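Below: one structure, written as structure tokens.
The values are calculated or read from the model by the stated rules, or taken from the named source; none is laboratory data. The shown structure was predicted, so the numbers you read here are calculated from the model rather than taken from an experiment. Cβ atoms come from the backbone with ideal geometry, glycine included; neighbour counts cover every protein chain shown.
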Amino acid sequence: MTGRGRTDGSANGAGTPPVVEFAGVTKRFGPDVLGLDDVSLTVHTGEVVVLLGLSGSGKSTLLRHVDGLQLPTSGTVRVLGVDVGAARGSELRALRRRIGFVFQQFDLVGSRTVLENVCTGALGRVRGPRLGLPTYPRALRREALEHLDRVGLGDRAFQRADTLSGGQQQRVAVARALMQRPEVLLADEPVASLDPESSEQVMALLKTISRENSLTVLCSLHQVDLALGWGDRIVGLRTGRTVLDLPTAGLGRDDVMAVYSGVGADAGALLTTAG
Amino acid sequence: MAAPTAGAGAPQRLAARPSASSTVAVFVLLAILAAALWAFADLRINVATFVDGSHQAVAFARRTLPLDFPPLPEILRLCGQTLAIVILATLLSTILSVPLALLAATTTTPNDASRLGARALIVVARAVPDVVLAIVFVRIFGIGALTGVLAMGLHSVGMIGKMYADAIEQIDAGAPTALTATGATRLQRIAGGVLPPVLPAFVAIGLHRLDINLRVSVVLGFVGVQGIGFAIADSLAVLDYQRGIALALVVLVLCIVVELISGAIRTALLGRAAAGPLRGISGGLSRLVHVRSAIGRHTERRDDGLDLDADLTRDPRLRSAAALVEGRLAPPWDARRISAATYTAITAAVLVASVVASGVSPLEFLEALPRVLASLGLFLPPETAGLFGALLEQLLVTVQIALAATLIGVVLSLPIGALAARNVAPTPGVANAFRLVILLIRGIPELILAIVFVVITGLGQVAGAVALGVGAVGFLGKLVADSLEEVDAGPQRALLATGGSRSQVFFAATVPAGARAIVAHVLYLLDTNIRSATLLGIVGAGGIGFYLISAARVLEFGVVTTILIMIFCTVLLVELLAIWLRDRF
């Protein structure tokens, strides 16, 4: 209701076609648990949208709906013009190929080299299973190395992935996502396991990539300061509902903290604070 | 929406209410214990039997000594043949197990039907004893290596397939999910995200089974699988104990040597930290290579005037240029890559040597295929030859032997295993000493234990039960020690901090945490003991195995089939009972 109104009001990407479009999306886990509660959200090309909210507020669930790792109970999710809920098999894989995803735990294959991990980002472009770096075409390996250079880790290409620090592993994960040549990049708490300095590095990297490639980024975070520093727009979630959706420009720390405050208080009071 | 509901309405009880199914489970366990005690008494396993047997042992020693070893080349030939068969059998079962495990693991299976189908195949493979398969295959492929390879290879799928599936389910789901998110297909996800993290475990499990198969292969010699077991069976059949026992000693040494080698490889595979230092042979190799590559870099610097690798780390602008250098698209031949390639080459060489030494050829297999139907026809329909009552009685004896052996194994293993656990033993020295005892017992094949006890107690069930019981210490003692060591140290520290004594901590924190795993292991032991009891019956240690081999010798294949079905049903029943019980602890 009010959340949707705010989405329209914030339309900072007006004029470009929407990249991600949630229309009345509800996700139930069992009869009692609501993952997402009537979420409507429109994201335009090149926007960096930061999702804020407590653990369990639905940030990950929302991101996972974007590339169909989870499907809505009701409502529709359209991404890059494709109805995610209706896509199956190869159509879904084709869509996922256009969406990069970076996870909190990096989720690299630790026993493999950094370069091979980056190459796995191109699996959607090659046919058949691949095991081992030599099974990827040279052109792909060269491209992977360029992405590694871009995230500043070209010199680590042939190390085992688990020998890198957390921040470095997350940059490898970003390079793996870049390898997909994505049009949308999802990041699920990409810096939650990192120290402050590495966090800044990773966020700066995401921002740079977004600007240079006009890549749309949806990123969930826990740190309000990072959100204000690197996001174009902040979407606050609480128990699966959007309770805040505003451009970061002119937004203060206290405005955003309202997303976290007054847990258990009624939603109306909160929205007033947010406004 | 989920408002936290406090446990305000909790009943004022001082003991937890046990659930119905866990109560039943406890009663079932008690019933099994009672049955084991009854079996122990009914088989007359007691001191008197051993005292009576002592004079037989003296007589036996007189007939055995001096030992008559065959010439060394002959010993080496027999060992080589046995090893070749065992290696090929284990290889066959790992090859069959990988796809089965991928279908059976919940994280990689395409659907429920394939998962249940694969699980069922694995259980069936486990329930059909290898000796039974060997008896059938001897009819089809004749006496030789192929019979052994197929019998052990197919039966091992029951263990390897299950452990592979467990290993697959245990890996972190993160990397496979990340690959799904890139748009990878199921096969790509498995090859890229599932296989790399489980490969070390796969190899370690295979090596573990190799140790087991080596022991089994000796028994299979008695039903016509070539190698050292065949030679032992030949000697014992003509009562040439001097030669037979000498060969048994050779087997003992072979088993211990293989166990030590495979144990070292397993530790290196599973224990080596990601970037940890390499040890042993591989360590020496990598140090050697390190020196050489350092020399190589030195000359390169002189030639080009540019140390590319070193400058790359300093100047980010050079990195992109370097990206286009063709040579950098493949990993450099550093120490790790060279040692990996060396191991691969050694493995390949061992496999080729095994194929040559065992004399197995695909042609032999193909030639035998047309005979399969005719040979299988011999085994049908199942017949009882009027022996059904006697067979049932013998089956009961086999189950009794397994129960009593498990009881003996548990009674011996719990203290030995606990003392071998480093976090329980009073001093590290005690722990090491008991670890050594366990290792030595593991090294002795059950067959040799059985022969020793057959000598001491005479032919019959007591020998089988005691041999299996003592042999179980090698398996269960190690698992008990490992389970106790794996117990999370946190609660133990917490209890020590409250001022608890060593024994209080052991019973309040260590035992409860390890109990679940130990119950599962004991049930697994009972399961294997039923199969082993059947096996040992073949060498005269009591039970239905003796009827099985006798029926096969007099070509009463219908009776063989009946016995097979009986054993299969029994093992399956125990297996299902074990699965049911494991879920409730």
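Restricting to segment B:564-585, name every residue that is under 19 Å from B:Gly545 (Cα atoms) and touching a residue at least 60 places away in the same chain (Cβ under 8 Å).
B:Leu564, B:Ile565, B:Met566, B:Ile567, B:Phe568, B:Thr570, B:Val571, B:Leu572
Kindly state which helices (runs of 4 or more DSSP H) lie completely within segment B:139-220 and contain at least 2 residues that are buried (at least 23 other Cβ atoms within 10 Å of the Cβ) and in contact with a strand residue (DSSP E or B) (Cβ under 8 Å, 6 or more places away or on another chain).
Answer list for segment B:139-220: B:145-170, B:174-181.
Condition (residue is surrounded by 16 or more Cβ atoms within 10 Å (Cβ to Cβ) and hydroxyl-bearing (Ser, Thr, Tyr)) applied to segment B:59-66: is it met by at least one residue?
Yes: segment B:59-66 contains one or more residues that are surrounded by 16 or more Cβ atoms within 10 Å (Cβ to Cβ) and hydroxyl-bearing (Ser, Thr, Tyr).
Looking at segment A:182-213, which of the residues that are touching a residue at least 40 places away in the same chain (Cβ under 8 Å) and over 15 Å from the mean Cα position of the chain (by Cα) is surrounded by the most Cβ atoms within 10 Å (Cβ to Cβ)?
Ranking the qualifying residues of segment A:182-213, first place goes to A:Ser193.
Here are some conditions: (1) farther than 27 Å from B:Arg435 by Cβ; (2) modelled with pLDDT of 80 or more. B:Val473 meets all but one. Which one does it not meet?
Single failed check for B:Val473: (1).
Failed condition for B:Leu306, given (1) modelled with pLDDT under 55; (2) outside any helix (DSSP H, G or I); (3) surrounded by 14 or more Cβ atoms within 10 Å (Cβ to Cβ), with all others met?
(3)
Being under 24 Å from the mean Cα position of the chain (by Cα), part of a loop (DSSP other than H, G, I, E, B) and at the interface with chain B (Cβ under 9 Å from one of its Cβ atoms) is the filter here, so list the residues in segment A:154-181 that pass it.
Correct list: A:Gln180 only.
Given the conditions (1) crowded, with 24+ Cβ neighbours inside 10 Å; (2) touching a Gly at 6+ places or on another chain (Cβ under 6 Å); (3) of a type in the set (A, V, I, L, M, F, W, C); (4) at pLDDT below 80, and given that B:Ala533 satisfies all but one, which numbered condition is not satisfied?
(4)
Against the conditions (1) away from chain A (no Cβ under 14 Å); (2) under 28 Å from A:Val109 (Cα atoms); (3) modelled with pLDDT under 90, where does B:Val128 fall short? Just the number, please.
Condition not satisfied by B:Val128: (2).
In segment A:118-136, which residue that is under 14 Å from A:Arg93 (Cβ atoms) and of a type in the set (D, E, K, R) is surrounded by the fewest Cβ atoms within 10 Å (Cβ to Cβ)?
A:Arg127
I'd like to verify a number: residues in segment B:146-193 that are more than 30 Å from A:Asp67 (Cβ to Cβ), in contact with a Lys or Arg (Cβ under 8 Å, 6 or more places away or on another chain) and hydroxyl-bearing (Ser, Thr, Tyr), how many?
1
In the list A:Gly110, A:Gly81, which residue meets the criterion of being surrounded by 17 or more Cβ atoms within 10 Å (Cβ to Cβ) and modelled with pLDDT under 90?
The unique qualifying residue is A:Gly110.
Could you pull out the residue among A:Leu69, A:Leu92 that is within 11 Å of chain B (Cβ to nearest Cβ), of a type outside the set (Phe, Trp, Tyr) and part of a helix (DSSP H, G or I)?
When all the criteria are applied, what remains is A:Leu92.
Out of (1) at pLDDT 90 or above; (2) over 30 Å from B:Ile143 (Cα atoms); (3) among the small types (Gly, Ala, Ser), the odd one out for B:Ser19 is which?
(1) is the only condition that B:Ser19 fails.
Scan (1) within 8 Å of another protein chain (Cβ to nearest Cβ); (2) aliphatic (A, V, I, L, M); (3) surrounded by fewer than 22 Cβ atoms within 10 Å (Cβ to Cβ) for the single condition A:Ile99 breaks and write down its number.
(3)
With the requirement that a residue be in a loop (DSSP other than H, G, I, E, B), under 23 Å from the mean Cα position of the chain (by Cα) and more than 7 Å from every other protein chain (Cβ to nearest Cβ), what does segment A:107-147 give you?
Listed by number, the list holds a single entry, A:Arg125.
Only one of A:Arg142, A:Arg127, A:Arg176 is of a type in the set (Lys, Arg) and either touching a His at 6+ places or on another chain (Cβ under 6 Å) or in contact (Cβ under 8 Å) with a residue 12 or more places away in the chain (or both); which?
From the options A:Arg142, A:Arg127, A:Arg176, the qualifying one is A:Arg176.
Among the candidates A:Leu244, A:Leu270, single out the residue that is away from chain B (no Cβ under 14 Å), more than 17 Å from the chain's Cα centre (by Cα) and at pLDDT 80 or above.
Only one candidate qualifies: A:Leu244.
Can you say whether B:Val352 is farther than 30 Å from B:Leu33 by Cβ and among the aliphatic types (A, V, I, L, M), as far as the supplied structure shows?
Here the answer is yes, as B:Val352 does meet what is asked.
What is the one condition in (1) away from chain B (no Cβ under 13 Å); (2) at pLDDT below 90; (3) touching an Asp or Glu at 6+ places or on another chain (Cβ under 7 Å) that A:Gln104 does not satisfy?
That leaves (1) as the condition not met.
Each row is one residue, and each column tells you yes or no for (1) out of contact with any helix residue (DSSP H, G or I) (no Cβ under 6 Å at 6 or more places or on another chain); (2) over 18 Å from A:Pro182 (Cα atoms); (3) surrounded by fewer than 24 Cβ atoms within 10 Å (Cβ to Cβ); (4) touching a residue at least 40 places away in the same chain (Cβ under 8 Å).
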{"position": "A:Val39", "(1), (2), (3), (4)": "yes, yes, no, yes"}
{"position": "A:Gly53", "(1), (2), (3), (4)": "no, yes, no, yes"}
{"position": "A:Leu62", "(1), (2), (3), (4)": "yes, yes, no, yes"}
{"position": "A:His65", "(1), (2), (3), (4)": "yes, no, no, yes"}
{"position": "A:Thr76", "(1), (2), (3), (4)": "yes, yes, yes, yes"}
{"position": "A:Arg88", "(1), (2), (3), (4)": "yes, yes, yes, no"}
{"position": "A:Leu92", "(1), (2), (3), (4)": "yes, no, yes, no"}
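Among the residues of segment B:554-568, are any aliphatic (A, V, I, L, M) and either over 12 Å from B:Leu391 (Cβ atoms) or outside any helix (DSSP H, G or I) (or both)?
Checking segment B:554-568: at least one residue is aliphatic (A, V, I, L, M) and either over 12 Å from B:Leu391 (Cβ atoms) or outside any helix (DSSP H, G or I) (or both).
When both residues are 6+ apart or on different chains and their Cβ atoms are under 6 Å apart, which pairs have a first residue that lies in segment B:67-89 and is on the phi < 0 side of the Ramachandran plot, and a second that is charged (D, E, K, R) and modelled with pLDDT under 90?
B:Asp68/B:Arg243
Determine whether B:Ala165 is among the aliphatic types (A, V, I, L, M) and modelled with pLDDT under 90.
It is false that B:Ala165 is among the aliphatic types (A, V, I, L, M) and modelled with pLDDT under 90.
Scan segment B:123-135 residue by residue and report those that are surrounded by 24 or more Cβ atoms within 10 Å (Cβ to Cβ) and within 22 Å of B:Tyr547 (Cβ to Cβ).
Result: B:Pro129, B:Asp130, B:Val131, B:Val132, B:Ala134, B:Ile135.
Which numbered condition trips up B:Gly543, out of (1) out of contact with any Gly (no Cβ under 9 Å at 6 or more places or on another chain); (2) closer than 20 Å to B:Leu447 by Cα; (3) not hydrophobic (A, V, I, L, M, F, W, C)?
Here B:Gly543 meets the rest and fails (1).
Test of understanding: among B:Ser93, B:Ser114, B:Ser97, which residue is of a type in the set (Gly, Ala, Ser) and without any contact (Cβ under 8 Å) to a residue 24 or more places away in the chain?
The conditions single out B:Ser114.
Considering only residues that are of a type in the set (Ser, Thr, Tyr) and out of contact with any Gly (no Cβ under 6 Å at 6 or more places or on another chain), which ones fall in segment B:403-434?
B:Thr406, B:Thr427
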